[in-house]
Structures are given as structure tokens and as C-alpha cells.
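Worksheet: one structure, shown below.
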Amino acid sequence: MERFLGAWRLVAFEEDGPNGQTVYPYGPAPAGLLVYDQSGWMSVQIMRCDRARLSPGDWQSIPAEEIKSAVDGFTAFFGRFEVDETSQTVTHHVEGHVLPDSVGKSLRREFTFTDDLLILRPSRNRRVIWQRMGPRATP
């Protein structure tokens, strides 16, 4: 578990497209932060940096299409996590999520460490690449 502890900056969010090309669901230069703490909690936020700004004015008067577009380019959740070194997986037990239907789910990801990078694989064709920020945390 100690290897996970600390803050991680998103480097890339990519998946293999149907024709073998790499596709970037959050755009070519997304932003994100992933944090694991020593008490077993995690939090993650990922966003497209090219999302359109919302119309000016009162939050309540913004058209639903604009809100949907903003949410389509953003994800965030938090919860407990556990690491299985034998299977090289980390499981995020979701306690809060921007999408209500994801609360209560356990999201299993295969992981690989390379130098200061953490590569999470939510599925066989998807990779989320994180770079450690700051000094390594100690237990």
C-alpha cells in the first residue's frame, strides 16, 4: 500500500480505439489529481481542460445542455481503497461520486509502477497514467 500513498498528477487518460488508434476520452491534455492517504482513503478528480465555460448569470438559469456538457468532461469520486499486491490490483470502494449511480460500487483497477508513474487500468483497453507529486509519503 505504501507505494500508492501521496498525491498524483494526471499525465494521460487513454484507450485503444476500434481501429488500433489511441483515443483520449478527456482530451489530449486533461487535468487530474489522485490522492491516497495512509488511513485507507482516496479521492480523484479528472477533467477535460477544453470544456466550454458556462453562460454568465445565476446558476439556476444555466441551460441543462450546458450543465450536461460540463459534467460530460468531468469525473470525481472518493472512498476507501485496498491494494492486492498478488493480483496487482487496487480497488476503490466508492462512497461519493459525481454520478449518483456509482455510489456503492467497487472499482477494481490493475496497476503498474514505472519510476514515478502509476498506471491504472480500469479495463483492458483503458489506461490512466499518473505521476507522483512531491516527496514520497512514508507510513
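A few comments on the model shown:
- Region 54-79 - residue that is of a type in the set (S, T, N, Q) and under 19 Å from L99 (Cα atoms) and, of those, nearest to the chain's Cα centre (by Cα): T75
- Against the test of being modelled with pLDDT of 95 or more, part of a loop (DSSP other than H, G, I, E, B) and closer than 26 Å to P100 by Cα, the options S39, S43 yield a single qualifying residue, S39.
- Meets criteria (exposed (fewer than 15 other Cβ atoms within 10 Å of the Cβ), under 21 Å from R126 (Cα atoms), of a type in the set (G, A, S) and more than 19 Å from the chain's Cα centre (by Cα)) for S87: yes
- Matching residues, region 16-33, being under 14 Å from the mean Cα position of the chain (by Cα) and in a strand (DSSP E or B): A31, G32, L33
- Selection status of V35, among the β-branched types (V, I, T) and touching a residue at least 40 places away in the same chain (Cβ under 8 Å): no
- Some residue of region 43-53 being surrounded by 14 or more Cβ atoms within 10 Å (Cβ to Cβ), of a type in the set (D, E, K, R) and touching an Asp or Glu at 6+ places or on another chain (Cβ under 9 Å): yes
- Yes/no for A31 being over 20 Å from R126 (Cα atoms) and not basic (K, R): no
- Unique residue being in contact with a Ser or Thr (Cβ under 9 Å, 6 or more places away or on another chain) and assigned to a strand (DSSP E or B) when the list is F13, F81: F81
- Filtering region 3-42 to residues that are surrounded by fewer than 17 Cβ atoms within 10 Å (Cβ to Cβ) and on the phi > 0 side of the Ramachandran plot leaves G20, G27, G40.
- Number of the exception - D116 against (1) closer than 19 Å to G32 by Cβ; (2) in contact (Cβ under 8 Å) with a residue 24 or more places away in the chain; (3) more than 14 Å from the chain's Cα centre (by Cα): (2)
- Filter pass, R51 being part of a loop (DSSP other than H, G, I, E, B) and either under 19 Å from the mean Cα position of the chain (by Cα) or among the basic types (K, R) (or both): yes
- Among (1) at pLDDT 95 or above; (2) exposed (fewer than 12 other Cβ atoms within 10 Å of the Cβ), the one test that K68 misses: (1)
- Of all residues in region 93-106, one or more are in contact with a Gly (Cβ under 6 Å, 6 or more places away or on another chain), more than 20 Å from L10 (Cβ to Cβ) and acidic (D, E).
The values are calculated or read from the model by the stated rules, or taken from the named source; none is laboratory data. Everything numeric in this text was worked out from a predicted model, so none of it was measured. Here Cβ is always computed from backbone atoms with ideal geometry, including for glycine, and neighbour counts include all displayed protein chains.
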